[in-house]
Each structure stands twice: as C-alpha cells, then as structure tokens.
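The values are calculated or read from the model by the stated rules, or taken from the named source; none is laboratory data. Note that the structure is a prediction, hence the values are computed from the model and not measured. Methodologically, a virtual Cβ is constructed for each residue, glycine included, from the backbone with ideal geometry; neighbour enumeration extends over all protein chains shown.
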Amino acid sequence: MRADIAIIGRILTHGGERVEVSTPYGNVRAISSRISGRDVIVIPRHGDSHLPPHRVNYRAIICAAASAGAVRIIAINTVGSMISPPGSFVIPKDFIEFTKSRVSTFYEDRAVHVDMSEPYCPEIRTALIESCRAEGHEPYEGVYVCTEGPHLETHAQIRMLRSFGDVVGMTGYPEVVLAKERALCYASICLVTNTAGDGQVDLSQIMSVESKARGDLARIIEGTVSRIPGRRSCRCCRALENAEL
Ligand SMILES: [Zn+2]
C-alpha cells in the first residue's frame, strides 16, 4: 500500500480497501482509497471501538501515515468554538495545549527540539482554505486549544481559554507535534459543533451538526487533496535539521 496523503478522522469514502498497518506503537486500522486521483490512507482516529481522546494512540497513527508513504496529513477535528457558529469551519494557524497524560514525542531518550514557529503546513492550510471557499464556506483561522478531556470545559475554563485561543478540542495534540517530529506536512480542518461556554453542551446536537456537515466536509477534503501541490516547497521536510542537541 502506498499513499501520497493521509487523512486522520472520520470522512465519507467511496469504496476503498480496509488495511491494517503495523507500527512499533501498535497496529492501526485504516482504509486505503483514492480521492481526487491520488492515493490516500484514511485513518479513523478513534478506531473501531471509539477510544476516548486521551487514549488515542497518536504515535501509532502518525507512524502508520508515514509507513504508508504519506508525507502530507490532513486532520479532521471537531471543536467547540469561541469565535464562530456551529457548522462553520476553522483552520488552525497555531495551538496551545493543556493535556496531562499523553506521550507527546517520538524522542523519549534523545534531546530533539523541533521548531514549532509554524506548526501547521502552509501549503495544506492554503489548500484547505481555498477548498472551503469553493464549497461556499468562509473558514475562520484561529488558535486551537487542546484540552485533556474527556469532560467538557467548565465556564471558568472557557473564560480562561478565551484569552489564549479560538476553538477548543481534545484531539489536535500531540498529533501536530508528532507529525513535525517525522518532518511530515500536517494541517487541520476543524468542524465547529458547538459554541464553547454557551450553556450545557447537547451531544445529540453535536452529532446532528456532524451529520449535516458530512457531505460538505467530504467535498472540501476532495478539493483539498486536488489542490495540494505534487512537490513540497514548504519547510516542513526540514523540521529535524539542527533540532537535536
Ligand atoms: Zn508542509
């Protein structure tokens, strides 16, 4: 199996072959498919048993993408937003994290410090933004805040997080860092499923927003895959240069 691009998250795929990719961190179930004429591997982040965000095997997922040959990763995340309404899309330009228990590096025994001044690949971000617009959605750009979960945020937490970021989710980190540690291009499209801090979150409403957006999201991903240039001219491939002490 060879793939140009990995897609992490839930997306409608037409056909495709179920595959299992073995990695040093565990096996990953995925779908090998073609989107917009390119070979892709679609990796459902939460697996068949819908693991909670703090138990997702992020290292195995990034490893599986790289093992399949993908040097580009498009991540799909759902978020609560402090800047835009449910149903809108946000393309993160930076992130902050408040996680606690997640292994967030491939380099546990070596002092490797990857630069995070540009955490998300500008080429994939541009493709995502253009593709959103082509589907009639003006995407917001903002700072993604990753919380540990699995509980949703308190009002006090939201008041605090508002001063740091724009959207809140539980799955964007450490994926973004692990991709950088493998010198892969990585960017995310976040579907806003609720307004963060706006009273009690109704999980059935979140599922309803997700289900309504499924078609648009699939078309945005198709458009993004077709817009990503054949050759990388971003700096992502040089992430490990001069990064080790
Ligand atoms: Zn890149």
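Just a few scattered comments:
- Conditions (1) in a helix (DSSP H, G or I); (2) surrounded by fewer than 14 Cβ atoms within 10 Å (Cβ to Cβ); number of the one not met by residue 206: (2)
- Number of residues in the range 147-199 that are modelled with pLDDT of 95 or more and among the acidic types (Asp, Glu): the value is 4.
- Residue selection: residue 188 satisfies the criterion of being among the hydroxyl-bearing types (Ser, Thr, Tyr), in contact (Cβ under 8 Å) with a residue 24 or more places away in the chain, assigned to a strand (DSSP E or B) and in contact with a helix residue (DSSP H, G or I) (Cβ under 9 Å, 6 or more places away or on another chain).
- Scanning the range 79-124 for residues that are hydroxyl-bearing (Ser, Thr, Tyr) and touching a residue at least 40 places away in the same chain (Cβ under 8 Å) yields 81, 84, 88, 99, 101, 104, 105, 107, 120.
- A single member of 62, 11, 7 is touching a residue at least 24 places away in the same chain (Cβ under 8 Å), under 29 Å from residue 140 (Cα atoms), in a strand (DSSP E or B) and aliphatic (A, V, I, L, M), and it is 7.
- Just one of (1) over 30 Å from residue 197 (Cα atoms); (2) assigned to a loop (DSSP other than H, G, I, E, B); (3) out of contact with any Lys or Arg (no Cβ under 9 Å at 6 or more places or on another chain) fails for residue 33. It is (2).
- The residues of the range 143-167 that are within 20 Å of residue 117 (Cα to Cα) and touching a residue at least 60 places away in the same chain (Cβ under 8 Å), listed by number, are 144, 164, 165, 166, 167.
- The single condition from (1) within 22 Å of residue 104 (Cα to Cα); (2) touching a residue at least 24 places away in the same chain (Cβ under 8 Å) that residue 201 fails is (1).
- Out of 127, 179, sole residue that is on the phi < 0 side of the Ramachandran plot, surrounded by 21 or more Cβ atoms within 10 Å (Cβ to Cβ), in contact with a Lys or Arg (Cβ under 6 Å, 6 or more places away or on another chain) and touching a residue at least 12 places away in the same chain (Cβ under 8 Å): 127
- Among residues of the range 14-37, those that are touching a residue at least 40 places away in the same chain (Cβ under 8 Å) and buried (at least 16 other Cβ atoms within 10 Å of the Cβ), counted: 3
- Filter pass, residue 49 being assigned to a strand (DSSP E or B) and among the polar types (S, T, N, Q): no
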